[in-house]
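The values are calculated or read from the model by the stated rules, or taken from the named source; none is laboratory data. Please read all numbers here as calculations on a predicted model, not as lab measurements. Note that we place each Cβ from the backbone using ideal geometry, even for glycine, and neighbour counts take in every protein chain shown. When the accessible area is computed, the model is the full protein with side chains, heavy atoms only, and any ligands, DNA or RNA have been set aside. Shrake-Rupley method; radii C 1.70, N 1.55, O 1.52, S 1.80 Å.
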Amino acid sequence: MLPGLAWLALLALLPWWLGLPLLLALAAVVSLLQHRFADEHVVLIRRAMRWGLPGVLFASQRTLGGDAFAWGAALLGALAGYTLLAGLEAWLDRDLRRAPPAPDAAEWPELARAPIGPAAEIIELQAPVWRRAEDGLIDPSGGRVDFRAGSHFFADGSRIDGVAPQAAFSPAGRWFAARLAGDRGIVLWDRESNQRHRLRGWQLSGWYREQPWLSRREDDMPQVLSAVLGDRNEDALR
């Protein structure tokens, strides 16, 4: 409440021709760059627009003289302003309304035991064991993995570039995972089929039956790699 009241008072004291461009700039920023901001920053900008509008309207009626006409114009401005603000927020939340709600991670066992539908199994992921490879990493298939200048080097001559030192093997050693530089995602290497996947914005949640499961954020439900890649033929990854 206190930051919002302070922001409202500041815009009420400023001339309207300074406060209004500030609100319009916030609206333009959140409309064009919402995908680049963290969720808490978007919420903060939207809250600043809601709290700042009354301050600009108060400054406007003060400029008009503060009489009945000025207050009437301010009330009409409030009606139009909050209508536009509601439309902007509805447009910003359009993807949330279209996307189906994701089940919470804590509901997996209950969903798997549900009597409706075909028989299901409870999937328990084995957490990845991340290790730093600057001093060398033991390869379950034999040899060592060295890390130099943003690349992992394997004993057979293979290498993976543009990654961070953190790396992990699947429990049986079929898969090798490395975090992208800057922690922008991961690289997955299927060593049996020699297929590599650079997945920006994804993180490794764990292993199940020697297959990687991924998620965007820690509180999202993990998905098998075939679903992430959009490949309907899961047998191709077994």
Give the residues of region 9-28 that are open to solvent by 50 Å² or more (accessible area, probe 1.4 Å) and at pLDDT below 80, sorted by residue number.
W16
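Provide a single number: the residues in region 168-179 that are of a type outside the set (G, A, S), crowded, with 17+ Cβ neighbours inside 10 Å and not in a strand (DSSP E or B).
Going through region 168-179, the residues of a type outside the set (G, A, S) turn out to be 169, 171, 174-176, 179.
Subsequent filtering for residues that are crowded, with 17+ Cβ neighbours inside 10 Å retains 169, 174-176, 179.
Narrowing the set further to residues that are not in a strand (DSSP E or B) leaves 174.
So the answer is 1.
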What is the one condition in (1) over 14 Å from S226 (Cβ atoms); (2) exposed (fewer than 15 other Cβ atoms within 10 Å of the Cβ) that Q195 does not satisfy?
(1)
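How many residues does region 207-225 contain that are outside any strand (DSSP E or B) and in contact (Cβ under 8 Å) with a residue 40 or more places away in the chain? Write out each step before concluding.
Step one: list which residues in region 207-225 are outside any strand (DSSP E or B), which gives 209-210, 216-222, 225.
After this cut, where a residue has to be in contact (Cβ under 8 Å) with a residue 40 or more places away in the chain as well, the list is 210, 219-222.
Qualifying residue count for the region: 5.
Could you please give the count of residues in region 180-192 that are open to solvent by less than 60 Å² (accessible area, probe 1.4 Å), without any contact (Cβ under 8 Å) to a residue 40 or more places away in the chain and not in a strand (DSSP E or B)?
1
Yes or no: E107 open to solvent by 60 Å² or more (accessible area, probe 1.4 Å), modelled with pLDDT under 60, under 25 Å from L204 (Cβ atoms) and not aromatic (F, W, Y)? Please lay out each step first, then the result.
Details: open to solvent by 60 Å² or more (accessible area, probe 1.4 Å): yes; modelled with pLDDT under 60: yes; under 25 Å from L204 (Cβ atoms): yes; not aromatic (F, W, Y): yes.
Answer is yes for this residue.
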Is there a residue being within 16 Å of G81 (Cβ to Cβ), surrounded by 18 or more Cβ atoms within 10 Å (Cβ to Cβ) and touching a Phe, Trp or Tyr at 6+ places or on another chain (Cβ under 7 Å) anywhere in region 42-50?
yes
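Has region 198-206 got at least one residue that is in a loop (DSSP other than H, G, I, E, B), closer than 25 Å to A38 by Cα and in contact (Cβ under 8 Å) with a residue 24 or more places away in the chain?
Let us first name the residues in region 198-206 that are in a loop (DSSP other than H, G, I, E, B), namely 201-202.
Going one step further and asking which of them are closer than 25 Å to A38 by Cα, we end up with 201-202.
After this cut, where a residue has to be in contact (Cβ under 8 Å) with a residue 24 or more places away in the chain as well, the list is 202.
There is at least one residue in region 198-206 that is in a loop (DSSP other than H, G, I, E, B), closer than 25 Å to A38 by Cα and in contact (Cβ under 8 Å) with a residue 24 or more places away in the chain.
Tell me which residues, restricted to region 1-41, are aromatic (F, W, Y) and within 23 Å of A80 (Cβ to Cβ).
Filtering region 1-41 for residues aromatic (F, W, Y) gives 7, 16-17, 37.
Within region 1-41, W7, W16, W17 qualify.
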